1. For residue 99, work out the one condition from (1) at pLDDT 85 or above; (2) part of a helix (DSSP H, G or I); (3) of a type in the set (A, V, I, L, M, F, W, C) it doesn't fulfil.
2. Can you tell me which residue in the range 85-96 is surrounded by the most Cβ atoms within 10 Å (Cβ to Cβ), limited to those that are under 17 Å from the mean Cα position of the chain (by Cα) and touching a residue at least 40 places away in the same chain (Cβ under 8 Å)?
Amino acid sequence: MTRVQAMGTNALACPGDISEPSQVQEVVAATFARFERLDILVNNAGVSGIGQTLVELSLDEWNRIIKIDLTSTFLCCRAVVPQMLAQGGGRIVNVASIFGNSGRCGQYSLLGSQKPA
């Protein structure tokens, strides 16, 4: 953060869990309060259960992955779109994983959660 500000750029760091709706709302509100606009959202959060086969993966772990990979993208988009529409536009970038295009032998497929482009 200090290096970004040293370059003369205005930045804001908001730690939180983007898979939790209330925390997403807090981050969006803090961002809008600071910058008075929301011009871009980059959804780049993602996890995987690498090292586990389908048989080894627990339902709790599956739900954790889906919550972070998919639900967080939905929550962030839903939180920023109203402001973007009100200000006349904005951009949303969803960053995908290589696993959105190919699988791994011996491992379960999370193709649906890897935001394929």
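1. (1)
2. My answer is 90.
The values are calculated or read from the model by the stated rules, or taken from the named source; none is laboratory data. What you see is a predicted model; the values in this text were computed from it and never measured. Using ideal geometry, Cβ is built from the backbone for each residue, glycine included, and neighbour counts are taken over all protein chains shown.
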